[in-house]
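Values quoted throughout were computed directly from the atomic coordinates according to the rules given, and no laboratory measurement underlies them. Quick caveat, the model's predicted, so the values are computed rather than measured. Note: ideal-geometry Cβ built from the backbone for every residue, glycine included; neighbour counts use all protein chains shown.
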Amino acid sequence: MHEMSIAEGLIQSVLAAANQHNATRIERVEIDVGQMRLIVPDAMRLAWQVITEGTIAAGSELIVVEIPMTARCKKCGREFAPKLDEYLCPDCGKADVDILTGDDIILTSVVCDSNEDAESCDKKGTETQ
Amino acid sequence: MKINVVKSVLDASDAMANVNRRRMDAAGLTCINMLSAPGSGKTTLLQKSLPMLPDGMRTAVLVGDLQTTRDAERLENSAAQVVQINTGSGCHLSPSQVEQGLDSLDLSAIDLLIIENVGNMVCPAAFDLGEHRRAVLLSVPEGDDKVAKYPTLFQKADVILLTKIDLAEILEYNFDRVYEDLAKINTAAPVIRLSSKTGEGVEAWRDWITAQRPE
């Protein structure tokens, strides 16, 4: 149940993004969750419900999108899609990889009510990293 | 209004882990994070192996547990400095807890820092604490099928320790099954078979520790 630790980081990012746009209430939050992070969506949503109590995100919907893994073989450089229980390089047969995707948790969007109109929101465009 | 964001939720955690790593690099020490299920023999192995390290290699242990200071007490005579971190209900150590642990250690007097993580095969694997290496233990009584059941833990390991091998015969343990599963998950990490009870293999673990240097 490490979902609560993840929720603690998530609420900070969500509130920071919402504050930049003078949001008054958060309706929906979407995250990309890498398969390797072993997040259980139901547990994640429950943690979200608990962590958002008393904030403008209380009662908001959390959408969890699972991102599959891709990896690069450290031996031969081949890129491929491993499975959680199999990291065998299809070319050289070694299981020694750098994970390219599927090992991160990314906040992708926040839907909220705001005093700003949509146009000014687009101009600001919260693109970090 | 929809705000589009691209921000890693793990940034704060990973950033703290990197702070820990830089701090340990600056102090010139090597940090090994030990992960496994509860009862796989982490503390016993440390009690046995830390006194076998070369003379002059100064050690410290950060021990994570939900409750009690029992493990820290067991290690008191094996390492120069021991700090117990109680996570309460937390199922893994976090980088900020390790930071607090570092605060309470004299880093200038340490060459090797061992982090004994909370016993758990899932959650600790997901958090970088700032360590240089990860050691994953799997004890014979846990069964020879666990590598395939908890692949992420083993995929991220730098060394894999099969412990309590003195029980292998009585439990009809199938080492080949473990090696076959590891061949699909992690072919880079060496596997060391050991028994803290008989001492078999403990020197190989000691030698592995001694060879590690921060990058």
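Structure values in brief
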| item | result |
| --- | --- |
| Theoretical FRET efficiency, 1/(1+(r/R0)^6), r = Cβ-Cβ of B:ALA80 and A:ILE63, R0 56 Å, to 0.05 | 0.65 |
| Length released on extending from B:ALA109 to B:VAL122, taking residue separation times 0.36 nm less the Cα-Cα span | 1.4 nm |
| Largest to smallest principal axis extent of the C-alpha atoms in the protein assembly as shown, angstrom | 71, 48, 34 |
| Along each principal axis, Cα extent of segment A:3-115, largest first, Å | 56, 25, 16 |
| Shape call, segment B:62-215: gyration tensor on alpha carbons, a/c limit 1.5 | prolate |
| Among B:LEU167, A:SER114, B:ALA72 the positive-end extreme of the charge dipole of the protein assembly as shown (Cβ point charges) | B:LEU167 |
| Segment A:3-115 - charge dipole about Cα centre, Lys and Arg +1 at Cβ, Asp and Glu -1, debye rounded to 20 | 280 debye |
| Nonlocal amide H pairs with B:ILE3, under 5 Å, H built at 1.01 Å | A:VAL110, A:VAL111, A:CYS112 |
| For B:THR30, distant residues with modelled amide H under 5 Å away | B:LEU112, B:LEU113 |
| Members of B:LYS42/B:LYS146; A:LYS74/B:LYS156; A:LYS83/B:LYS197; B:LYS42/B:LYS149; A:LYS94/B:LYS149 lying beyond 25 Å, as alpha-carbon distances in this model show | A:LYS83/B:LYS197 |
| Sorted by Cβ neighbour density within 10 Å, fewest at the top, the residues A:LYS75, A:LYS83, B:LYS7 | A:LYS83, A:LYS75, B:LYS7 |
| Relative contact order of segment B:11-209, defined on C-alpha pairs under 8 angstrom at six or more residues apart (%) | 26 percent |
| Cβ neighbours within 10 Å from other chains - mean over B:151-159 | 4 |
| Residue order, fewest to most beta carbons within 10 Å, for B:THR30, A:THR55 | A:THR55, B:THR30 |
| CD proxy at 222 nm, helix term only [per DSSP H run n ≥ 4: -39500 (n - 2.57); per residue of the protein assembly as shown; nearest 500] | -9000 deg cm²/dmol |
| Proxy reagent accessibility, fewest Cβ within 10 Å first, across B:LEU182, B:LEU35 | B:LEU182, B:LEU35 |
| Difference of contour (0.36 nm per residue) and Cα-Cα distance, B:ASP176 to B:ARG58 | 38.8 nm |
| Label-point separation in nm, B:ARG213 to A:CYS76, each point 7 Å along Cα→Cβ | 3.2 nm |
